[in-house]
Amino acid sequence: MSDSKFMQLSVDKIELDITNPRIAKFIGMYGDNITAEQMALALGAGEAPTEGSYTTFYSLRESIRTNGGIIHPIIVNSTPNGRFVVIEGNTRALIYREFQRQKVEGNWGIIPCMVYEKLAQRDIDAIRLQAHLVGPRDWDPYSKAKYLDHLRNTNHLTMDQIIDFCGGRKREVLDYIAAYQDMEGYYRPLLTDDQFDQTRFSAFVELQRPRVKQAVVNHNFNYTDFSQWVIDDLITPLNMVRQLPRILENPKSREVFLKAGAQEAMKLLDVPAVVDSMKNVSLDDLARELSRRILAMSYGELQRLRANVAGDENSLLCETRDQLIQVCKDIAAEE
């Protein structure tokens with residue numbers, strides 16, 4: 001990758017990157033002549049502040065207004081034909097343009113940039129991946145998956161190259177790509193563009209568990225049926241997807257699921273008798289015992305679990321992990 005240099009560029013001279021994966025669906029709707037207003041919609045303009053790990057357009061805009069500018073320069077590629085195209089920082093560049101147009105007090109005509117000369121596509125991909133897949137300003141999971149699919153199936157990067165760029169595990173990357181393809185192939189055709197809800201993506205990630213896919217097919221359903229269940233809110237919360245093998249296996253719970261959803265269906269399934277004896281045990285005692293059992297786990301027991309990664313026991317452990325992570329986040333969250 002070539003060396004970069006710091007420059008103060010006129011916002012009128014830089015071009016927003018319409019190939020940005022967060023904006024790709026708007027390109028599909030409006031074509032290459034996407035306007036700045038449509039770009040703003042793609043980046044979240046006009047939305048109220050929402051919970052989440054990534055910075056919203058609204059909160060970032062107010063922070064830039066308050067501080068009189070950006071702290072971190074945007075990243076720009078200087079192309080052979082003299083264009084300056086934003087690689088990372090479309091949101092911030094758009095905010096500067098908005099403030100300039102609205103005549104907000106301050107100097108919004110010039111924006112700090114780190115400028116690269118004639119970057120290859122591979123280097124552009126590396127910058128995006130580092131900034132948004134492992135950096136502090138995460139894309140939402142659907143956008144990550146869309147970009148990973150683009151790198152794998154359009155740019156034809158190898159899995160090793162993608163892993164080198166963004167870290168993580170090969171299985172996770174493959175699941176994201178497969179989930180994106182399933183969502184686009186089965187869920188999107190059931191909806192209009194304005195109905196498509198990319199926050200349902202996690203359901204399709206859960207669908208990639210071999211036991212889940214096998215259960216759907218073995219009980220004479222297909223992935224279009226699964227997509228309709230998601231649309232009809234039969235699977236709420238979305239991590240209930242992992243319970244589908246148990247639900248579909250039992251005729252009564254399957255019938256209830258198709259009418260009233262997964263949570264009602266789970267009430268019909270047998271609950272181990274040991275649960276009754278543990279109902280009055282305090283959370284801290286349960287947590288201590290779980291920690292003790294995990295620390296005391298033998299190598300042989302670990303190997304047994306590894307030998308059946310998709311088994312019920314592992315699924316239950318992973319579900320418990322997810323619930324613990326969520327409750328810890330809820331506890332630490334500020335009001």
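With 32 Å as the limit on Cα-Cα distance, the pairs of K118/K170; K5/K170; K103/K146; K267/K329; K146/K279; K144/K252 that go past it are K5/K170; K103/K146; K146/K279; K144/K252. Rounded to two decimals, the Cα radius of gyration of region 280-332 over 2.2 N^0.38 Å is 1.30.
Throughout, read-outs are computed from the coordinates displayed, never taken from laboratory work. No experiment lies behind these values; they were computed from the predicted model shown.
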